[in-house]
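Asker: Sharing a structure with you now.
The values are calculated or read from the model by the stated rules, or taken from the named source; none is laboratory data. Quick caveat: nothing in here was measured; it's all calculated off a predicted structure. When we count neighbours, we look across all protein chains shown, and the Cβ atoms used for this are built from the backbone with ideal geometry, even at glycine. Surface areas here come from the heavy atoms of the whole protein model, side chains and all, with no ligands, DNA or RNA. Shrake-Rupley method; radii C 1.70, N 1.55, O 1.52, S 1.80 Å.
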Amino acid sequence: MNPLTGQGKPGGHVIAVKIDNVGDAQFQQAGLNSADLVYVIQVEGGLSRYLVVFDNSNPPVRVGPVRSARQTDIPLLAPYGRVGLVYSGAISGLKPDLAAANLQTINPIQHNNLFSNGGSSPTYVHTDQIFAAFPDLAQTKDVGFRFGPEPAGGAAASTAHAKMPAAAFTFTASGAKWLVTVDGHALNTIDAGQANADNVIIQHVHVVQGKYTDHNAGHADNEVFSQTTGSGSADFYRDGKVWHGQWSKPNDNAPTSYTVGGQPMNLAPGRSWIVLQP
């Protein structure tokens, strides 16, 4: 099975795409319902951005609007190996870190032909074009997710809520799916209806000041860093139920262990949204 979804074949080469989630971009998003995984990450100002993971065993899809990389992306993707990180740009301080990371960086400066609108916002990419241009990306591997029958002890849950200082998410049970609402409105993609997930993981992390400050908006914005190496509590939602447990990742390159009562938490096969909640 695909170790990222628990479905189908073993999977294929992997890319992760940074997607804007502020203002008008929330009504321009494409590709979310074709993803293997969606990470929700806090950025400066308490706002949010998505890091969306695809593998090329799925049909090609248009993805975007693509936006800039952040410090959090590097250790978060480290367990995946040398996958492609698709982003529109990065502040100057972060660029050496991205170049040194075990990632294939894919941005409009280096690969303008792969981005629509000349790489200017809103800009989109097509997954089949990315995979064709980069045939040697790392393939799907075990990064810690486990799939199977639901464990005992889950409590009934019709909704899941997650918050960041300037962003709010609600996941509403609809059969075996969870429908996504963002900042009080349904997250309706432009290509595939309302965003949905088979699993929701609310992973409680420390969010600290990042290494770099962004001056691109004409003023100083302190970037923030979500610590996904370490351990903490987590809430797991599947099949209209919730389990409360733990996450643990001993080093940047290690898989993340998700457990309930000391035992691996089985997810439902399919797409998972992981909210890195401060």
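Asker: Out of every Cα pair in segment 4-148, what percent are spaced more than 18 Å from each other?
Answerer: The share of Cα pairs beyond 18 Å in segment 4-148 comes to 53 percent.
Asker: In terms of modelled amide H atoms, which long-range or inter-chain residues lie less than 5 Å from the amide H of residue 274?
Answerer: The list, which skips near neighbours in sequence, is 38, 39, 40, 201.
Asker: Turning to a different aspect of this structure: Could you calculate the contour length gain from residue 194 to residue 141, that is, 0.36 nm times the residue separation minus the distance between their Cα atoms, to one decimal place in nm? Let's see the in-between values first.
Answerer: Numbers: separation 53, 0.36 × 53 = 19.08 nm, distance 2.84 nm.
That works out to 16.2 nm of additional length.
Asker: Let me ask something else about it. Starting from the Cα of residue 28, step 7 Å along the direction of its Cβ; do the same at residue 1; then give the gap between the two resulting points in nm.
Answerer: Between residue 28 and residue 1, the simple spin-label model gives 3.7 nm.
Asker: Follow-up question, since we're still on this one. Using just the helices of the chain, give the 222 nm mean residue ellipticity in deg cm²/dmol: DSSP H runs with n ≥ 4 each add -39,500 (n - 2.57), and the total is spread over all residues, rounded to 500.
Answerer: Details: 3 runs with 18 residues, N = 278.
One gets -1500 deg cm²/dmol as the mean residue ellipticity at 222 nm.
Asker: Something else now. Calculate what fraction, in whole %, of the accessible area of the chain sits on carbon and sulfur atoms when a 1.4 Å probe is rolled over the protein chains.
Answerer: Carbon-and-sulfur percentage of accessible area, whole number: 50.
Asker: From the residues 199, 244, 164, which one has its Cα farthest along the dipole of segment 131-278 in the positive direction, the dipole being from +1 and -1 charges on Cβ of Lys/Arg and Asp/Glu about the Cα centre?
Answerer: With unit charges placed on the Cβ atoms, the residue in question is 244.
Asker: Let me ask something additional. I need the per residue convex hull volume for segment 175-278, using only the alpha carbons, in cubic angstrom as a whole number.
Answerer: Once divided by residue count, the hull of segment 175-278 is 156 Å³.
Asker: Can you give the accessible area per residue of segment 65-223, in Å², using a 1.4 Å probe?
Answerer: 44
Asker: Name the lysines eligible as straight-distance cross-link partners of residue 163: C-alpha to C-alpha under 20 Å, and not fewer than 8 places from it in the same chain.
Answerer: 18, 241
Asker: Sticking with this one: Two decimals, Cα atoms only, Kirkwood Rh: what is Rg/Rh over segment 79-233?
Answerer: 0.98
Asker: Follow-up. Just the number, please: percent antiparallel of the DSSP beta bridges in the chain, rounded to the nearest 5.
Answerer: The answer is about 80 percent antiparallel.
Asker: What number do you get for the chain when its Cα radius of gyration is normalised by 2.2 N^0.38 Å, N = residues? Write down the numbers at each step before the final one.
Answerer: Values: Rg = 17.4 Å, N = 278, 2.2 N^0.38 = 18.7 Å.
Dividing the Cα radius of gyration by 2.2 N^0.38 Å gives 0.93.
Asker: Normalised radius of gyration for segment 98-174, please: alpha carbon Rg relative to 2.2 N^0.38 Å, two decimal places.
Answerer: Computed over Cα atoms of segment 98-174, the ratio equals 1.69.
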